[in-house]
Every structure is written in C-alpha cells, then in structure tokens.
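Before any comments, here is the structure.
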Amino acid sequence: MSAPLLVRLPGGGLDLQWNMARAENGVEVHRQGTQGDPEHRGPGSGEPRWGPQHPGARELAELYSPGKRCQEWVSVIICFSLMALNFCHLLANFHLSHISYILLGIVAGILTADFASGLVHWGADTWGSVDVPIFGKAFIRPFREHHIDPTAITRHDFIETNGDNCMLTLVPLANMAYKFMTLSPAELYYSYPWDCYVFSLAIFVTLTNQIHKWSHTYFGLPRWVTLLQDCHIIL
C-alpha cells in the first residue's frame, strides 16, 4: 500500500490523501479520506453525513455499557479456553485417514462462516432497532453504528471487536468438549470429520469481525495481514 501524502486544502488545512489504486497507463487514481475521517458533509448541511462526529454515531457509541463490556470479556475468555481444549482433543484423536476430511471441513467451515456472517449482517441491518429490549443495545447497535461511522470498528480493541462473535461459538464448542470427554474412542473416530468442520466454523466465525476491522484499517496493518488481503484470501 502506498505511503500517505499530505495535501494542503483550501484554508490552509492538511488532509491525508491515500493512493489506493494501481498505476495503469501512467495514470494514478486516488482515494481521499482516512480511517476516522469525520468531515464528510452533505450538500448545504453543516453536519457531517457520517463519521465519529455524526450525532447519531456519538449517541450509538455512548450506548456501549460496562455490562456489555463484561459480557464480551467473559465470552472471549471462555471461547478461547474451549478452543484450546478442543484443539488438544483433536490432536489426540487424529488419524492419517482423517486428512482429507480435515481439509474438507476447513473449507466448508470457511464457506459457512462467510455465508452466515453475511446473513447476520443483513438481518441486523434490516430488522429491529436499538430500542429492542436487551438485544437492541447489545447486538443491533454495533451494526447501526458501523453504517453511520464505518471506521468506528478500527478504534475498537480486541475485546469489543470480537466479543459477540466469541459468544456465538460457545454452545457448539462446549458441546464438542463434552463429546470428547464422554464418547468412546470408536465414536470419536467416526464423528471426527464433523468435529473438524465445527471447529473450523467456530474459528472463522470468531475471526469475522477482526477481518472486517482489518478491511477498514487503511494503514499500520501487519505485513502478513496485507499479504492475505493482496491474495484475496481475506477482505
């Protein structure tokens, strides 16, 4: 990604103009704005159309409560604990005959997570409101905030970004851990392909918002993330 250029605006201000396009036939296309750019105003309007200074964006951000933060912390801790436990059991029950099923499960998990995340995003954008008791402020609010302030997600830390997705995986991960501790080795052998699929699905559901955050982060990303983006493996 090209380095930012400081461009002097009318009135003496400075802005960052990012070169987001490849040079083709000697012509470069530029994209203006930065992550967190608040000053996109509508025609004839003194208020920003979107961004962190939009009144609606500030109101939605203020609805993020200590109780919500606690829920996200608990979800992240339990989720990653269950992932570590299940991964150890998957390694302990691995057989060479499972390799093809493992690869198939990983691909199927990625595709399912991608489809499910799109479906959830559409549903949260289309139905309900932040006024819905409990569910609205906790789960619909982040989607509505994202559309008023698209770069708000880049200012969220790991817990706020991934807490809700971690919560969604708790039931299948807990069920998997219960199976590993109660089923016989023969039963686990036959359920192993399905367990690989569920585990892959849980991982990529957990990472959905993190990948989305990276897609809105226009500078400062680790090299391995930009490499995955350049290869079109992630957004």
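The values are calculated or read from the model by the stated rules, or taken from the named source; none is laboratory data. Since the model is a prediction, treat every value here as computed from it, not as a measurement. Cβ placement follows ideal geometry from the backbone for every residue including glycine, while neighbour counts extend to all protein chains displayed. Ligands, DNA and RNA are stripped out before the accessible areas are found, and what is left, the full protein with its side chains, is counted by its heavy atoms. Shrake-Rupley method; radii C 1.70, N 1.55, O 1.52, S 1.80 Å.
Extension gain, Asp114-Val225: 0.36 nm per intervening residue step, less the Cα-Cα distance, totals 38.2 nm.
Quick check: with the 1.4 Å probe, what order do Leu90, Leu168 take by accessible area, largest first?
Leu168, Leu90
With a 10 Å radius around each residue's Cβ, average the other Cβ atoms per peptide and rank 105-111, 91-97, highest first. Write out the running numbers ahead of the final one.
Working: 105-111: 16.3, 91-97: 10.1.
Packing proxy ranking, top to bottom: 105-111, 91-97.
Rounded to the nearest Hz, the phi-derived 3J(HN,Hα) couplings of segment 221-226 under the Karplus curve 6.51 cos²θ - 1.76 cosθ + 1.60 (θ = phi - 60°) are 7, x, 4, 5, 6, 5, where x marks glycine and proline. Once both labels are positioned 7 Å from their Cα atoms along Cα-to-Cβ, the gap between Asn93 and Thr126 label points is 3.7 nm. The ratio of the alpha-carbon radius of gyration of segment 188-235 to the globular-protein estimate 2.2 N^0.38 Å is 1.51.
Here the accessible area is traced with a 1.4 Å probe on the protein chains. For segment 112-222, carbon and sulfur cover 71 percent of it.
If the chain between Cys70 and Thr217 were fully stretched, how many nm would it gain, using 0.36 nm times the residue separation less the Cα-Cα distance?
Values: separation 147, 0.36 × 147 = 52.92 nm, distance 2.57 nm.
Here the segment from Cys70 to Thr217 would lengthen by 50.3 nm.
Which FRET efficiency value, to the nearest 0.05, do you get for Tyr189 and Ser81 by plugging their Cβ-Cβ distance into 1/(1 + (r/R0)^6) with R0 = 22 Å?
For Tyr189 and Ser81, the calculated efficiency is 0.30.
Dividing the alpha-carbon radius of gyration of segment 81-179 by the rule-of-thumb value 2.2 N^0.38 Å gives 1.37. Dimensions of segment 106-235 based on its C-alpha atoms, expressed as ranges along the principal axes with the largest first, amount to 52, 42, 23 Å. Packing order of peptides 187-198, 219-230, highest average first: 187-198, 219-230 (average count of other Cβ atoms within 10 Å over each peptide's residues). Per-residue Karplus couplings for segment 67-79, computed as 6.51 cos²θ - 1.76 cosθ + 1.60 with θ equal to phi - 60°, are listed in order as x, 5, 4, 5, 4, 5, 4, 4, 4, 5, 5, 5, 4 Hz, Gly and Pro entered as x.
Distance from the alpha carbon centroid of segment 70-140 to that of segment 174-193 works out to 19 angstrom.
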